[in-house]
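Below is one structure, written out as structure tokens, with a few remarks after it.
The values are calculated or read from the model by the stated rules, or taken from the named source; none is laboratory data. Remember, predicted model here, so these are calculated numbers, not experimental data. Positions of Cβ are backbone-derived with ideal geometry, glycine not excepted, and every protein chain shown enters the neighbour counts.
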Amino acid sequence: MNAPRPYNLVAELTYRCPLRCAYCSNPVAFRDFPDALDTQAWCRVFREAAALGVVHVGLTGGEPSARADLPELVRGAAEAGLYTHLVTAGTTLSAQGLAGLRAAGLRSVQLSVQDAEAAPSDAVAGVPAFERKLAFAAWVREQGLPLTLNVVLHRRNLGRVREIIALARTLDADRLELANTQYHGWALVNRDALLPSREQLDEAALAVAAARREAARPEILCVLPDYFAKRPKPCMGGWGRRTLVVAPDGRVLPCHAAASIPGLEFGNVRSQSLAQCWSDAPGMNAFRGDAWMPEPCRSCPERTGDFGGCRCQAFQLTGDAAATDPACELSPRHDLVQKARRDAENCERPLVLRGGIEAEPRGGSTRTDA
Amino acid sequence: MSASPSAFEARLRRIGEERYHHRHPFNLRMHAGTLTREEIQTWVRNRYYYQTRIPIKDGLILAKAADPAFRRGWVRRIRDHDGDEKGSGGLELWLSLADAVGLDRGEVERLENVLPGVRATCDDYVRFVESHDLLESVASSLTELFAGDIMQTRIDAFERHYPWVDTAGLRYFQSRTQQAPRDAAEGLRYVLEHSRTAQDQDRCAAALERKCEILWRLLDAIEAAHAHPRLSPHAQLRHEAGEVLVVLPERAVKPSASGCEILDLCDGERSAVEIAEELRRRHPEVSGLVNDVHEFLASMRKLGVLGPAASPR
């Protein structure tokens with residue numbers, strides 16, 4: 001198959017992370033994936049990505065700064081001609097460390113913040129991190145780097161969207177990404193405790209609309225989560241179409257969760273070129289284009305816009321990765337999404353933090369769960 | 001439960017306090033005397049489009065009203081704007097203002113050079129009234145509650161800061177200092193009387209907010225026309241096989257060839273109006289080009305391709 005030009009490389013440098021967010025999309029078995037690519041291997045990936053037409057690289061993880069060679073990786077990506085973007089929790093880098101990354105060619109930063117206040121933020125992160133994040137945000141702006149604040153939304157923080165927007169303004173963020181929890185990895189484990197109610201979403205949408213009227217900054221990116229929308233999201237802009245993900249073990253995936261679908265065979269940059277992994281791997285080609293689509297997608301005029309939705313979600317909910325995303329109202333299994341919404345109502349289950357630690361349902365303390 | 005009429009009125013007034021365009025940076029600069037002659041002219045030319053939509057909007061409101069007493073009162077607004085004969089009324093007074101600021105009144109009257117953003121937001125207002133009921137339509141007109149004050153501020157500012165504007169041109173503002181409070185009182189009475197439920201009150205508040213937003217966007221569009229756009233410092237231009245890709249944080253934009261020609265002129269020196277003028281000079285055969293340029297610049301601002309504009313000179 002003729003592979004399209006990828007524009008974006010997601011470089012998952014490591015799954016190590018000091019945070020234990022209960023909605024982490026890393027694999028539940030993240031400990032089974034050691035960092036398999038050394039500095040040189042990553043730099044080769046960056047060069048090969050640029051040659052394929054990639055313009056953006058997001059250095060992410062896990063926490064990318066858990067790697068001691070991050071400055072060299074930033075330099076390698078920038079020298080390859082990629083617009084180099086750091087996705088970080090902001091708790092481990094110093095001001096000096098950040099200045100070093102900027103000098104190495106870093107162009108922009110996305111900082112995760114869990115909530116508008118310290119207590120609930122630290123509760124969902126599983127460690128005290130909030131104050132350090134605020135300090136980090138200030139360093140980003142001092143360095144003149146554009147700042148995106150990313151806040152993953154769920155039942156426990158949706159009521160504070162107004163305050164989250166105010167925080168983004170205080171921190172002088174250029175963009176605020178209000179990202180609805182994607183139910184992969186640990187988030188799927190916690191789905192019943194994270195899914196919001198329709199009322200919460202409506203309230204949040206009003207708060208966003210009001211904030212957009214008030215000021216142009218920050219730009220607020222926010223869409224209705226697909227468990228509540230009529231149509232699925234154009235996941236990753238289409239499978240193997242715009243974005244490639246290189247996981248810590250060297251596997252090349254169409255999205256960070258694709259390895260959760262069993263039976264798909266992906267390439268690995270440890271033994272193959274990035275170009276081979278992108279264009280030839282059977283897993284990468286499995287859902288490219290629309291030949292794989294079942295009805296109602298196959299004859300749906302919207303298939304070129306939403307690409308049939310999310311393959312990982314289709315697999316998780318129906319057991320068939322080639323099924324129409326059940327988030328779509330037209331899916332014969334839309335009942336599964338409706339049931340998940342019903343199950344989540346009134347669920348007071350505690351969150352299971354990444355790594356298997358149970359958090360208190362409310363408040364800030366955590367305890368280990370055997 | 002619905003709020004008492006006085007609490008509801010206070011709520012409506014608070015909306016004006018917070019959202020009426022008396023707080024818009026363009027108005028603040030107008031009243032502080034720092035607008036250029038070109039900016040004043042752009043405002044007069046474009047605001048005329050808004051003036052022309054008002055009688056149309058009031059006609060739509062009349063068509064919703066079954067009560068003769070209401071219509072008798074409201075029809076006065078159309079007369080105020082259109083006059084009882086040619087050469088009288090608020091629209092005519094606005095054209096005198098156009099004369100006074102050195103515009104060609106024929107050009108203004110033909111609505112040829114109305115900015116697309118201004119046209120869109122004014123049309124949005126007419127559509128709003130078209131598609132909402134009488135109560136919400138009347139509520140949307142309540143920005144008049146705040147208009148009386150701004151008119152006096154404006155007269156003072158023009159007399160003090162813009163002596164090159166013939167004071168004969170200010171008669172529109174003078175007439176509105178009388179008309180706006182009277183119209184507003186009438187509208188307010190209607191809204192207070194007919195908002196029986198909390199839902200009615202919410203609908204009216206939302207209508208007034210929407211109207212404030214419409215006025216605000218009108219000035220945004222005028223302000224943008226005089227901004228001096230330049231590429232965002234975070235943008236990286238990549239030239240690939242005859243195409244240009246603008247790479248930004250977490251976004252890439254591929255402008256068309258004509259888009260690239262416009263972006264090339266975004267040097268922080270030229271204003272949006274000057275850029276549009278330059279393109280019209282280069283491509284006299286293309287119709288609607290000026291509109292296209294302003295729309296393109298607005299979309300590029302929104303995407304972050306154009307950075308924080310250099311402050312207007």
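With the checklist (1) more than 13 Å from chain A (Cβ to nearest Cβ); (2) out of contact with any Pro (no Cβ under 8 Å at 6 or more places or on another chain) in hand, flag the one item residue B:226 doesn't pass.
Answer for residue B:226: the failing condition is (2).
Restricting to the range B:50-85, what's the tally of residues that are free of Cβ contacts under 8 Å to residues at least 24 places away in the same chain and outside any helix (DSSP H, G or I)?
Total meeting the criteria: 5.
What pairs come up if the first residue lies in the range A:141-157 and is within 13 Å of chain B (Cβ to nearest Cβ), the second is among the small types (Gly, Ala, Ser) and outside any loop (DSSP other than H, G, I, E, B), and their beta carbons are under 7 Å apart, counting only those six or more places apart or on different chains?
A:143/A:99; A:145/A:108; A:146/A:108; A:147/A:137; A:149/A:168; A:150/A:112; A:150/A:179
Hey, can you tell me all the residues within the range B:276-290 that are within 22 Å of the chain's Cα centre (by Cα) and surrounded by 10 or more Cβ atoms within 10 Å (Cβ to Cβ)?
Listed by number, the residues that qualify are B:276, B:277, B:289, B:290.
Within the range A:37-63, count every residue that is more than 14 Å from chain B (Cβ to nearest Cβ) and under 17 Å from residue A:244 (Cβ atoms).
Counting residues in the range A:37-63 that are more than 14 Å from chain B (Cβ to nearest Cβ) and under 17 Å from residue A:244 (Cβ atoms) gives 10.
Could you please find all residues in the range B:1-33 being closer than 26 Å to residue B:226 by Cα, exposed (fewer than 12 other Cβ atoms within 10 Å of the Cβ) and more than 14 Å from chain A (Cβ to nearest Cβ)?
Scanning the range B:1-33 gives B:32, B:33.
Could you give me the residue pairs with C-beta distances under 9 Å whose first residue belongs to the range B:231-252 and is within 7 Å of chain A (Cβ to nearest Cβ) and farther than 22 Å from residue B:269 by Cα, whose second residue is of a type in the set (Val, Ile, Thr) and assigned to a loop (DSSP other than H, G, I, E, B) wherever it lies, and which are 6+ apart or on separate chains?
Taking only residues 6 or more apart or on different chains, the pairs are B:238/A:55; B:245/A:55; B:247/A:55; B:252/A:55.
Output yes when any residue across the range A:291-311 is within 19 Å of residue A:188 (Cα to Cα), at pLDDT 90 or above and of a type in the set (A, V, I, L, M, F, W, C), and no when none is.
Looking for residues that are within 19 Å of residue A:188 (Cα to Cα), at pLDDT 90 or above and of a type in the set (A, V, I, L, M, F, W, C), one finds at least one in the range A:291-311, hence yes.
Identify, from the list A:29, A:11, A:68, the residue that is on the phi < 0 side of the Ramachandran plot, free of Cβ contacts under 8 Å to residues at least 24 places away in the same chain and within 19 Å of the chain's Cα centre (by Cα).
After ruling out the rest, the residue left standing is A:29.
Looking at the range B:83-99 only, could you name the residues that are touching a Leu at 6+ places or on another chain (Cβ under 8 Å) and at pLDDT 95 or above?
B:97
Report those strands (runs of 3 or more DSSP E) wholly inside the range A:143-247 carrying at least 3 residues which are in contact with a helix residue (DSSP H, G or I) (Cβ under 7 Å, 6 or more places away or on another chain).
The strands (runs of 3 or more DSSP E) meeting that bar are A:147-153, A:243-246.
Look through the range A:312-337, keep the residues that are in a loop (DSSP other than H, G, I, E, B) and within 19 Å of the chain's Cα centre (by Cα), and return whichever of them is farthest from residue A:240 (Cα to Cα).
Among them, the one singled out is A:327.
Among the residues in the range A:123-138, are any within 14 Å of chain B (Cβ to nearest Cβ), under 22 Å from the mean Cα position of the chain (by Cα) and among the aliphatic types (A, V, I, L, M)?
Scanning the range A:123-138, I find no residue that is within 14 Å of chain B (Cβ to nearest Cβ), under 22 Å from the mean Cα position of the chain (by Cα) and among the aliphatic types (A, V, I, L, M), so the answer is no.
What number of residues in the range B:93-122 are surrounded by fewer than 20 Cβ atoms within 10 Å (Cβ to Cβ) and polar (S, T, N, Q)?
The total comes to 2.
Is it the case, given these coordinates, that residue A:272 is of a type outside the set (A, V, I, L, M, F, W, C), outside any loop (DSSP other than H, G, I, E, B) and without any contact (Cβ under 8 Å) to a residue 60 or more places away in the chain?
no
Residue under question is residue A:309, and the condition is that it be in a loop (DSSP other than H, G, I, E, B), under 19 Å from the mean Cα position of the chain (by Cα) and within 17 Å of residue A:48 (Cα to Cα); does it hold?
no
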